[in-house]
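Student: To start, I am sharing the structure in question, which I have written as structure tokens.
The values are calculated or read from the model by the stated rules, or taken from the named source; none is laboratory data. A quick note: this is a predicted structure, and the numbers were derived from the prediction, not measured. Every residue, glycine among them, receives a Cβ derived from its backbone with ideal geometry; neighbour counts consider all protein chains shown. Heads up: the accessible areas ignore ligands, DNA and RNA and are worked out on the full protein's heavy atoms, side chains in. Shrake-Rupley method; radii C 1.70, N 1.55, O 1.52, S 1.80 Å.
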2 protein chains.
Amino acid sequence: MINTIAKRPRVDAIVFDAYGTLFDVESVAVTAERLFPQRGVALSQLWRTKQLQYTWLQTLMQSSTQRRDDFASVTAQSLDFAAEELHLSLVGGSRHRLLDAYLDLTPFADAEVALVHLAPLPRLILSNGTREMLEPLAAATGLARHLDAVLSVDAANVYKPHPRAYQLAVDHLKIIPMRVGFVSSNSWDAIGAKAFGFTVFWVNRDGAPLDRHGPRPDHVISSLAELPALVDI
Amino acid sequence: MINTIAKRPRVDAIVFDAYGTLFDVESVAVTAERLFPQRGVALSQLWRTKQLQYTWLQTLMQSSTQRRDDFASVTAQSLDFAAEELHLSLVGGSRHRLLDAYLDLTPFADAEVALVHLAPLPRLILSNGTREMLEPLAAATGLARHLDAVLSVDAANVYKPHPRAYQLAVDHLKIIPMRVGFVSSNSWDAIGAKAFGFTVFWVNRDGAPLDRHGPRPDHVISSLAELPALVDI
């Protein structure tokens, strides 16, 4: 991977996306495949696609007086759609097992060591998830020990990449956006954060092409392990 | 299909989505398949998925002072991404041929007759496309004869399903949203229009499941031919 600017960015805090960035959602696909042999991967892919679509669409559709559904609700709505589309029946507790899989994820192997090496910088999560989803996950996986705060976009009543979602981190940290290092494996999230003004690290573990609809992230890395050396701590 | 309310809706105008609703985008897939045998369908599907994603994400990301890219630009951005993702090379004029395919679409067989039978109600297009894309298409296909106006969301600097996009039809027609009959084959567009307050007809030609992230459209039809009988003209 090519570091798109040579100079080490001067950042005063690091903000991480959660799902797919610190926490591996692959275990959701494993649960799906166990419940629906040969179909689980397709189910989990369509589920994830719809889950993101629904967060974007709900944020777009809402008027200022409406309360959008939270990420737990959106996750259930998108699972129901995906199962119907693929003609899979969510009976006998399989719906609960799939939804529970989102609460019991494993951190990526490179997550904890990167968090440790980024100290003493403040390290935060800013996620679409609810606090009820995120806090037990951070605690159970041990990552909470290395985190200074877990922020949910719920406080802004929007989902990423709406600027008000990223603003939550600025309000919490009380530093200018450029001094916030933002880390996400989701290309659309990295681009949204860059448009907002953060210094952005896109974690491109699979060598995917970069989306074309907005500004390029400052850095493209293939592992969180590259992060501490890139940041001027 | 089940008509979800028994009573004929009282609407004073009919507003149509364009791409996929009045105009068949299947010919884009045909062009893609001709250029990339065995891969064209996958290319056109990923292209369409990304095209929609980019409209939503650009609308979400933008600050009030920014100008978003227009639909012609988004269509080109999403094609470039899809081709890179699928390792297809857009050389020798194939990029232009694919982009041109969006300008040379065929109306669905049920479009013109429905428009004719809906007279004397005002009949409009409200589309994500630019006026430069839509007006020649409406003229070349002959549908322009049966349309009172062609509105592009460009005038609101957002894409559907942002409420400001639907508001353009209200501002043009000067009638309350409930009296506007809105017709779209795109489930997310039908749901967005319903959230806005239109009386909505979802054209579900393929028997797809309904998306779960917002209010249900008032009517589900399988062909535009069902429309005139449903509307109290």
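Student: Report, in whole Å, the centroid distance computed from the Cα atoms of segment B:80-159 and segment A:55-129.
Tutor: With segment B:80-159 and segment A:55-129 each reduced to a Cα centre, they are spaced 35 Å.
Student: Sticking with this structure for a sec: Looking only at other chains, what is the average number of their beta-carbon atoms within 10 angstrom of each beta-carbon in B:81-91?
Tutor: 2
Student: Taking just the C-alpha trace of segment A:58-114, give me its Rg and Dmax in Å.
Tutor: Here Rg and the maximum Cα pair distance are 15.7, 43 Å.
Student: Further question on the same structure: Size of the dipole of segment A:1-145 about the Cα centre, Lys and Arg at +1 and Asp and Glu at -1 on the beta carbon, nothing else charged, in debye to 20?
Tutor: In total the dipole reaches around 360 debye.
Student: What ranking do A:203-209, A:67-73 get when scored by the average of other Cβ atoms within 10 Å per residue, highest first?
Tutor: A:67-73, A:203-209
Student: Now a separate question. From the Cα trace of chain A, what convex hull volume per residue do you get, rounded to a whole Å³?
Tutor: About 125 Å³ per residue, rounded to a whole number.
Student: Averaged over its residues, how many other protein chain Cβ atoms are within 10 Å of peptide A:48-56's Cβ atoms?
Tutor: On the way: counts 0, 2, 3, 1, 3, 7, 5, 3, 10.
Average neighbour count from other chains, rounded to a whole number: 4.
Student: Now for a separate question. Can you tell me the Rg and the Dmax, both Å, for the Cα atoms in the protein assembly as shown?
Tutor: 23.1, 71
Student: In the protein assembly as shown, what percentage of the DSSP-assigned beta bridges are antiparallel, given to the nearest 5?
Tutor: 10
Student: Helix-only mean residue ellipticity at 222 nm, chain A, DSSP H runs n ≥ 4 weighted -39,500 (n - 2.57), per residue, nearest 500. What is it?
Tutor: Working: 9 runs with 98 residues, N = 233.
My calculation for chain A gives -12500 deg cm²/dmol from helical runs alone.
Student: Amide H to amide H, which residues 5 or more places from B:Ala13 or on other chains are under 5 Å from it, using H placed in the peptide plane?
Tutor: Here the answer is B:Gly181, since their amide H atoms fall under 5 Å of that of B:Ala13.
Student: While we're on this one: If you roll a 1.4 Å probe over the protein assembly as shown with all protein chains in place, what percent of the accessible area is carbon or sulfur?
Tutor: 54
Student: Name the nearest-to-axis residue of chain A, judged by Cβ distance to the rotation axis taking chain A onto chain B, and quote that distance in whole Å.
Tutor: Residue with the nearest Cβ, plus whole-Å distance, for chain A: A:Trp56, 2.
Student: If you don't mind, there's one more thing I want to ask. Tell me the net charge near A:His213. Cut-off is 10 Å between Cβ atoms, A:His213 excluded, with +1 for each Lys or Arg and -1 for each Asp or Glu. Provide the component values of the computation, followed by the final result.
Tutor: Values: positive: A:Arg212, B:Lys50, B:Arg68; negative: A:Asp211, B:Asp69.
After counting each charged neighbour, the total is +1.
Student: Per residue of segment A:202-215, in order, report the coupling 6.51 cos²θ - 1.76 cosθ + 1.60 (Karplus, θ = phi - 60°) as ³J(HN,Hα) in whole Hz, putting x for Gly and Pro.
Tutor: Values per residue, Gly and Pro as x: 8, 8, 9, 5, 9, x, 6, x, 7, 4, 10, 8, x, x Hz.
Student: In the neighborhood of B:Leu173, defined by Cβ-to-Cβ distances under 15 Å, what is the net charge if each Lys or Arg adds +1 and each Asp or Glu adds -1?
Tutor: In short, +1.
Student: So how exposed is A:Phe196, as accessible area in Å² (1.4 Å probe, rounded to 10)?
Tutor: 40
Student: A further question on this structure: Mind pulling the per residue volume of the convex hull built on the Cα atoms of segment B:25-101? Å³ is fine.
Tutor: Here the figure is 84 Å³ per residue.
Student: Between segment A:167-193 and segment B:161-193, what is the C-alpha centre distance in whole Å?
Tutor: That distance is 34 Å.
Student: Once you list every other residue whose beta carbon is under 15 Å from the beta carbon of A:Asp80, what net charge do they have if Lys and Arg are +1 and Asp and Glu are -1?
Tutor: Around A:Asp80, the surrounding residues sum to +2.
Student: Continuing with this model, one more query. Which distances, shortest first and in nm, link B:Thr130 to the matching position in the other copies, using label points set 7 Å out along Cα to C-beta?
Tutor: 4.4
Student: Set the bar at 24 Å for Cα to Cα. Now go through A:Lys194/B:Lys50; B:Lys50/B:Lys160; A:Lys160/B:Lys174; A:Lys194/B:Lys194; A:Lys50/B:Lys174 and name every pair that lies beyond it.
Tutor: From A:Lys194/B:Lys50; B:Lys50/B:Lys160; A:Lys160/B:Lys174; A:Lys194/B:Lys194; A:Lys50/B:Lys174, over 24 Å: A:Lys160/B:Lys174; A:Lys194/B:Lys194; A:Lys50/B:Lys174.
Student: To continue, here is another question. On average, how many beta carbons from a partner chain sit within 10 Å of the beta carbon of a residue in B:209-220?
Tutor: 5
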